[in-house]
1. Please verify whether Lys153 is basic (Lys, Arg), more than 14 Å from the chain's Cα centre (by Cα) and more than 16 Å from the ligand (Cβ to nearest atom), treating the condition exactly as stated.
2. Taking segment 113-145 as the search range and keeping residues that are within 22 Å of Asp63 (Cβ to Cβ) and of a type in the set (Lys, Arg), which one is nearest to the ligand (Cβ to nearest atom)?
3. If you check Leu148, Leu166, which single one turns out to be within 16 Å of the ligand (Cβ to nearest atom), surrounded by fewer than 18 Cβ atoms within 10 Å (Cβ to Cβ), farther than 16 Å from Ile48 by Cβ and under 16 Å from the mean Cα position of the chain (by Cα)?
4. Is there any pair with a first residue in segment 213-225 that is within 12 Å of Lys95 (Cβ to Cβ) and in contact (Cβ under 8 Å) with a residue 40 or more places away in the chain and a second that is surrounded by fewer than 20 Cβ atoms within 10 Å (Cβ to Cβ) and of a type in the set (Asp, Glu) whose Cβ atoms are under 6 Å apart and which are 6 or more apart or on different chains, and what are they?
5. So in segment 125-154, with the set limited to residues that are touching a Cys at 6+ places or on another chain (Cβ under 7 Å) and assigned to a loop (DSSP other than H, G, I, E, B), which one is farthest from Ile113 (Cα to Cα)?
6. Restrict the check to segment 267-274 and report whether at least one residue is within 30 Å of Pro55 (Cβ to Cβ) and at pLDDT below 95.
7. Under 15 Å from the mean Cα position of the chain (by Cα) and at pLDDT 95 or above: which single residue out of Met226, Met186 fits that description?
8. Which one of these is farther than 26 Å from Pro147 by Cβ and surrounded by fewer than 23 Cβ atoms within 10 Å (Cβ to Cβ): Val200, Val233?
Amino acid sequence: MTKVRIGAPLGPQEVGVRALDDKDDGGVSEALPKYQSKGDEGTITGKIVFEGEAPKQAALQMDADAYCKSNNAGATAETVVVKDGKVENVIVYIKDGNGIKYTFDVPTTEATIDQRGCQYRPHVLSMMAKQKFKVLNSDDTNHNVHPLPKTNKEWNESQAPKGEPLIKDFARAEVIPVKCNIHPWMKAYLGVFDHPFHAVSKADGTFEIKGVPPGDYTVEAWHEKMPAQTQKVTVAAKETKSVDFTFKAEMAMKSAEENGVKFGTPLIVDMGKCCGGNVAMVVK
Ligand SMILES: [Cu+2]
């Protein structure tokens, strides 16, 4: 079987020396070949299970903005969203593999997030580096969109009531928290990847990653509060491989810090030391 590997994260010292501007190519080596489909790709699918009693989510206090309060009565926090024992908003992605380096086409579709009822919808979104990131404001109130990246350029922009969409992109892979400078309860998380093998679990806890070249992988399930879970997965040609991840109630009782949840660089997938790039897949 062909082994496919996505390499180790960059060390902080490597990240630190990079210039952080919009024109930066994110360290992508032009020498890397573009992945060519052999028509034998498989699928990684599964569900995110919650074991134990699901925590009750706190009510959001939107008193600071009369519009928000009257248009989203009963809103609750989205930190740990569990329904029928399944967890929503978990980023599942290929973290590791082995081999030759490839780059992947960036989707031409936009990764879109909306502000509605003074909450980000969806709460968690995944996309590729350099894919268009579109921010809508369906609310009749002002928002100020403020991503907090570690290795991408930080920005914050106001958006008028039902204003024009913001169109942005991120040059590098990382998990980026997003806040609103006007409404402190508004939070979202963006999983930015240098490959297309990522998904976010839906309300029923399911996820699906398509187009996976046959190979051996480490797949990670990342949650904003509970510790990341990893599993080894082998995908044969044209196989649909099912893998489930389990988060436990005691994890949800601890803080993200206590659980060692990481943002930023952990999702950078560096293809090894040879090219200094962070956009590729390696196949041996
Ligand atoms: Cu806002």
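The values are calculated or read from the model by the stated rules, or taken from the named source; none is laboratory data. The structure displayed is predicted, hence computed values, not measured ones. As a convention, Cβ positions derive from the backbone with ideal geometry for all residues, glycine included, and neighbour counts pool all protein chains shown.
1. Values: basic (Lys, Arg): yes; more than 14 Å from the chain's Cα centre (by Cα): yes; more than 16 Å from the ligand (Cβ to nearest atom): yes.
Criteria met by Lys153.
2. Start the filter on segment 113-145 by keeping residues that are within 22 Å of Asp63 (Cβ to Cβ), which leaves 115-121, 123, 137-145.
From the residues that got through so far, the ones that are of a type in the set (Lys, Arg) too are 116, 121.
On the way: Arg116: 11, Arg121: 12 Å.
Of everything passing the filter in segment 113-145, Arg116 is nearest to the ligand (Cβ to nearest atom).
3. On the way: Leu166 fails: under 16 Å from the mean Cα position of the chain (by Cα).
Going through Leu148, Leu166 in turn, the sole match is Leu148.
4. Note: pairs meeting the criteria are Thr218/Asp96.
5. Step one: of segment 125-154, the residues touching a Cys at 6+ places or on another chain (Cβ under 7 Å) are 139, 141, 143-146.
Narrowing the set further to residues that are assigned to a loop (DSSP other than H, G, I, E, B) leaves 139, 141.
Numbers: Asp139: 13, Thr141: 16 Å.
The selected residue is Thr141.
6. First, pick out the residues of segment 267-274 that are within 30 Å of Pro55 (Cβ to Cβ): 267.
In the following step, the residues that additionally are at pLDDT below 95 were identified as 267.
Yes, the conditions are met somewhere in segment 267-274.
7. Numbers: Met186 fails: under 15 Å from the mean Cα position of the chain (by Cα).
After applying the criteria, what remains is Met226.
8. After ruling out the rest, the residue left standing is Val233.
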